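The values are calculated or read from the model by the stated rules, or taken from the named source; none is laboratory data. Everything numeric here is computed off the predicted structure, so don't read it as measured data. Don't worry about glycine lacking a Cβ; one is built from the backbone with ideal geometry, like all the others, and counts go over all protein chains shown. We work out accessible area using only protein heavy atoms, side chains counted, and drop any ligands, DNA or RNA first. Shrake-Rupley method; radii C 1.70, N 1.55, O 1.52, S 1.80 Å.
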Amino acid sequence: MSYNLNNADGVVNVSQQVIEVIAGVAVQETEGIAFTQDDSKLQEKQMVKLVKVEDVDGAITVSLSVHIKYGMSIIKTAGKVQERIAQDMENMLAFQPKAVNVRVIGLLKG
């Protein structure tokens, strides 16, 4: 599936997998957050399956489920990854998602 993203320079056609990879890399590069207990074994194909991208009336929503390191603020850490995903999409695609939903499903061992 692909999406037509409107920006100041025109329309850009972007595949769903590109958006999933951008979100996945943002999770991997944010301290204290991961998709699984051991993301080092997680391959790109597995990672993109953990990111859900929806298009509702031309507005893209990114949803993902993550684990947060024990002892870190859940709200601050989830907020950092939300900001990172939105910022990376803006920088790489010149497009802001309507929402980035982060669901915390567990804690990472310290």
* Asked: Within the bounds of region 82-92, is there any residue that is open to solvent by 100 Å² or more (accessible area, probe 1.4 Å), under 22 Å from Q16 (Cα atoms) and among the aliphatic types (A, V, I, L, M)?
  -> yes
* To do: Quick one: in region 32-57, of everything that is part of a loop (DSSP other than H, G, I, E, B), touching a residue at least 12 places away in the same chain (Cβ under 8 Å) and open to solvent by 40 Å² or more (accessible area, probe 1.4 Å), which residue is farthest from M1 (Cα to Cα)?
  => Q37
* Tell me, please, whether a residue that is touching a strand residue (DSSP E or B) at 6+ places or on another chain (Cβ under 6 Å), closer than 12 Å to A23 by Cβ, at pLDDT 95 or above and not in a loop (DSSP other than H, G, I, E, B) can be found in region 67-80. => no
* Asked: Can you pull out the residues in region 1-20 that are among the charged types (D, E, K, R) and either open to solvent by 50 Å² or more (accessible area, probe 1.4 Å) or touching a His at 6+ places or on another chain (Cβ under 7 Å) (or both)?
  -> D9
* Using beta carbons and a limit of 8 Å, which pairs, at least six apart or on different chains, have the first residue in region 68-95 and under 15 Å from V53 (Cβ atoms) and touching a residue at least 40 places away in the same chain (Cβ under 8 Å) and the second one open to solvent by less than 70 Å² (accessible area, probe 1.4 Å) and among the polar types (S, T, N, Q)? -> L93/N7; F95/N7
